[in-house]
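Only one structure is covered here, and it is reproduced in the block below.
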Amino acid sequence: MANTLGRIMLAEVPTIAIDLVKIEVNSLIFNDEFIIHHLGLIPNGQCEYCFVKFHLKVHCHSDHTLDVTSYNLKTSDPCIVLVDVAQYVEFDGYNAFEQRDILIVKLCRGQELR
């Protein structure tokens, strides 16, 4: 029963089919397939017949960990909107939803993903 509910919920999330991913630089411990899988899990709202090209270029220069999220994905098409994840938070007794970007990977100092 739980497996069926999980499949139904995942079927309702709009995603894109990734045809081609070109990773030029990957200095992470994760292999390219892991990163590509995470890219495919980011929901978006767009036409199913459209061709979309995203660009990702991040480099960590600081000593702190850098979160690479769906916010870092750039496209030249203004019609394409990536969907954010809402997180339930309680602030000063008020209940609210906080918008958050979807985490792809984390970078340490000197690591780059392009």
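The values are calculated or read from the model by the stated rules, or taken from the named source; none is laboratory data. It should be emphasised that the depicted structure is a prediction, and the values quoted were computed from it without experimental measurement. With ideal geometry, Cβ positions are generated from the backbone for all residues, glycine too; neighbour counts draw on all protein chains shown.
Which members of region 50-72 meet the condition of being touching a residue at least 40 places away in the same chain (Cβ under 8 Å) and hydrophobic (A, V, I, L, M, F, W, C)? Correct list: Leu56, Val58, Cys60, Leu66, Val68.
Residues of region 1-49 that are modelled with pLDDT under 75 and among the hydroxyl-bearing types (Ser, Thr, Tyr): Thr15, Tyr49.
Could you tell me whether Val105 is assigned to a strand (DSSP E or B) and at pLDDT 70 or above? Answer is yes for this residue.
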